[in-house]
Amino acid sequence: MPAEVLRNVRVLDPLHDGDRQADVLIESNRIGAIAPNLPDIPSDAIVQDCDGMILGPGLVDLYSQSGEPGHESRETLQSLMLAGSAGGFTALSLLPGTDPVVDTPAGVSWVRAHTPLTTPHLGIWGALTLGIEGQTMGELADLAAASVIGFTDGQPLQNRGLLRRILEYAQPLQRPIALWCCDRTLQGDGVMREGIDSIRFGLPGVPAIAETTALAMVLECVAAIETPIHLMRISTARSVALIAQAKAQGLPITASTTWMHLLLTTSALQGYDPNLRLDPPLGTSADQLALLQAVESGVIDAIAIDHTPHTYEEKTVAFAEAPPGVIGLELALPLLWDALVTSGKWSALTLWRALSTRPTQCLQRSPVALVAGELADMTLFDPRKTWQVTPQTLHSHSHNTPWLGKNIRGQVCRTWSPTN
């Protein structure tokens, strides 16, 4: 392939706190040079004027859902990969909750064999437990031998005795364990965060303690057993405080919240849009503020997409009856950039770090640096480009998003990946 030169692009390097205008030379899928006004470039190089564009490490998705196998009408592995690439992701992480569940090495092999594209890189989470009720430990050692990226059910683990045994057994396997802290008995039939808005809208509320009591129990287990874990889908201000305290005590934990919990609050539910039926539900404005501050400070390590496709028929029901989840791979970067960076609430590095290098570290892997000599694992983003969100412009099979039919600002132009 001919060499490429990106002229006058804004280069973000979260690992080195770098934010500068430069030219970038890409040769043989490696970064050849980064410098202002590169003087020596190959005569046959393809030169692109990138003034106003952003170049950063490829985005990394911590956890998302595919429909395939079992629910291909929601999403296929191919459409998932296309959506990830269109959204700037060079690495996706697939939750095991397909049909059948990815709980055996054979299941892992099936997913790999049926993933038709080589980019983004697809990592596969192996199931923590076996069976619908989740009362039996999964085949963790066998899954580790099959090179899963880590273990999670993507659902709350209610059996506390089993959780303790899993943390003890999995410690020597040296794989991330991702846990969603939620007490289903306290959650009850709630469909939105309990508070003044749930009363106003007449919807059953989910108390914040459904998350925080389960989180406190998990943190106590980690303190006793010392197995590193990742805390998924953090959504409350009180959870932020508990995590900050645990990190100050040196507990081996990382944590993530989802992009939707940073953008919206319970007030957005006044229109009863079933696409905003999430689990955990959107938080209050106090929750949102605490999450934003926590990501900025590093108490919350990363932003997860939690891409969860559902068909039109599944979501075209009353709010309380809708299955929880929303798509996001193609929308998260532009919407977060516009809401947080363009508005001046966050620096560009803060957002890019939370979507790229920190998710990589949560997966216990070495993050990418944008320096000469490294493999090109990068995303080029134009924050000025406006486009309309439609079934035709989205690559995902499903279109369950509150932004459907709306114009948004910011679009990924291209990704480079070592797997290209």
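The values are calculated or read from the model by the stated rules, or taken from the named source; none is laboratory data. Predicted, not measured: the structure shown is a model, and the values here were computed from it. Because the Cβ atoms are built from the backbone with ideal geometry, glycine has one as well, and the counts that use them run over all protein chains shown.
Any residue at all in the range 229-247 that is more than 18 Å from LEU157 (Cα to Cα), over 19 Å from the mean Cα position of the chain (by Cα), outside any helix (DSSP H, G or I) and in the same structural domain as HIS307 (by TED's automatic domain parsing)?
Scanning the range 229-247 turns up no residue that is more than 18 Å from LEU157 (Cα to Cα), over 19 Å from the mean Cα position of the chain (by Cα), outside any helix (DSSP H, G or I) and in the same structural domain as HIS307 (by TED's automatic domain parsing).
May I ask you to verify whether THR213 is surrounded by fewer than 22 Cβ atoms within 10 Å (Cβ to Cβ), out of contact with any Gly (no Cβ under 9 Å at 6 or more places or on another chain) and outside any helix (DSSP H, G or I)?
no
For the range 67-84, state whether one or more residues are more than 30 Å from GLU314 (Cβ to Cβ) and not polar (S, T, N, Q).
For the range 67-84, residues more than 30 Å from GLU314 (Cβ to Cβ) and not polar (S, T, N, Q): absent.
Filter the range 283-322 down to the residues that are over 16 Å from the mean Cα position of the chain (by Cα) and closer than 24 Å to SER396 by Cα and list them by number.
Those that are over 16 Å from the mean Cα position of the chain (by Cα) and closer than 24 Å to SER396 by Cα: HIS310, THR311, TYR312, GLU313, GLU314, LYS315, THR316, VAL317, ALA318, PHE319, GLU321, ALA322.
Scan the range 163-175 and give yes if some residue there is assigned by TED's automatic domain parsing to the domain that holds GLU226, within 22 Å of the chain's Cα centre (by Cα), more than 16 Å from LEU215 (Cα to Cα) and not polar (S, T, N, Q), otherwise no.
Within the range 163-175, one or more residues are assigned by TED's automatic domain parsing to the domain that holds GLU226, within 22 Å of the chain's Cα centre (by Cα), more than 16 Å from LEU215 (Cα to Cα) and not polar (S, T, N, Q).
Take the range 225-256 and flag every residue that is farther than 26 Å from SER285 by Cβ and touching a residue at least 40 places away in the same chain (Cβ under 8 Å).
Those that are farther than 26 Å from SER285 by Cβ and touching a residue at least 40 places away in the same chain (Cβ under 8 Å): ILE225, GLU226, THR227, PRO228, ILE229, HIS230.
Scan (1) part of a strand (DSSP E or B); (2) free of Cβ contacts under 8 Å to residues at least 40 places away in the same chain; (3) of a type in the set (A, V, I, L, M); (4) not assigned by TED's automatic domain parsing to the domain that holds ASP153 for the single condition ILE124 breaks and write down its number.
For ILE124, the exception is condition (4).
Among what's in the range 266-295 and is of a type in the set (Val, Ile, Thr) and not in a loop (DSSP other than H, G, I, E, B), pick the residue that is farthest from VAL341 (Cα to Cα).
Checked the range 266-295; the qualifying residue farthest from VAL341 (Cα to Cα) is THR266.
Quick check on LEU336: is it at pLDDT 95 or above and within 18 Å of the chain's Cα centre (by Cα)?
The answer is yes for LEU336.
For the range 373-420, enumerate the residues that are in contact with a helix residue (DSSP H, G or I) (Cβ under 7 Å, 6 or more places away or on another chain) and not in a loop (DSSP other than H, G, I, E, B).
The answer is PHE381, PRO383, ILE408, ARG409, GLY410, GLN411, VAL412, THR415.
Go through ASP197, ASP142 for me and flag whichever is part of a helix (DSSP H, G or I), of a type outside the set (Lys, Arg), closer than 23 Å to LEU94 by Cβ and modelled with pLDDT of 95 or more.
From the options ASP197, ASP142, the qualifying one is ASP142.
Could you please give the count of residues in the range 27-53 that are part of a loop (DSSP other than H, G, I, E, B) and under 30 Å from the mean Cα position of the chain (by Cα)?
So the answer is 6.
Name the helices (runs of 4 or more DSSP H) wholly inside the range 299-361 in which the number of residues that are hydrophobic (A, V, I, L, M, F, W, C) and surrounded by fewer than 24 Cβ atoms within 10 Å (Cβ to Cβ) is 2 or more.
Output list reads 332-336, 348-355.
Looking only at residues that are within 13 Å of the chain's Cα centre (by Cα) and in a loop (DSSP other than H, G, I, E, B) in the range 59-96, which one is surrounded by the most Cβ atoms within 10 Å (Cβ to Cβ)?
If we take residues in the range 59-96 being within 13 Å of the chain's Cα centre (by Cα) and in a loop (DSSP other than H, G, I, E, B), then LEU62 is surrounded by the most Cβ atoms within 10 Å (Cβ to Cβ).
So, in the range 264-308, how many residues would count as being at positive phi and either in contact with a Ser or Thr (Cβ under 9 Å, 6 or more places away or on another chain) or of a type in the set (D, E, K, R) (or both)?
1
Go through the range 34-57 and give me each residue that's of a type outside the set (D, E, K, R) and farther than 21 Å from TRP352 by Cα.
Correct list: PRO36, ASN37, LEU38, PRO39, ILE41, PRO42, SER43, ALA45, ILE46, VAL47, GLN48.
Quick one: is ARG164 outside any loop (DSSP other than H, G, I, E, B) and within 20 Å of TYR272 (Cα to Cα)?
So ARG164 does not fit the description; no.
Restricted to the range 175-191, and to residues that are closer than 22 Å to LEU242 by Cβ and in contact (Cβ under 8 Å) with a residue 40 or more places away in the chain, which residue is surrounded by the fewest Cβ atoms within 10 Å (Cβ to Cβ)?
Checked the range 175-191; the qualifying residue surrounded by the fewest Cβ atoms within 10 Å (Cβ to Cβ) is GLY190.
If we scan the range 11-26, do we find a residue that is under 15 Å from VAL371 (Cβ atoms) and in a loop (DSSP other than H, G, I, E, B)?
Checked against the condition, which is being under 15 Å from VAL371 (Cβ atoms) and in a loop (DSSP other than H, G, I, E, B), the range 11-26 yields at least one hit.
Since ALA45 meets every condition but one in (1) assigned by TED's automatic domain parsing to the domain that holds ALA304; (2) more than 21 Å from VAL368 (Cα to Cα); (3) in contact with an Asp or Glu (Cβ under 7 Å, 6 or more places away or on another chain), which condition does it not meet?
(1)
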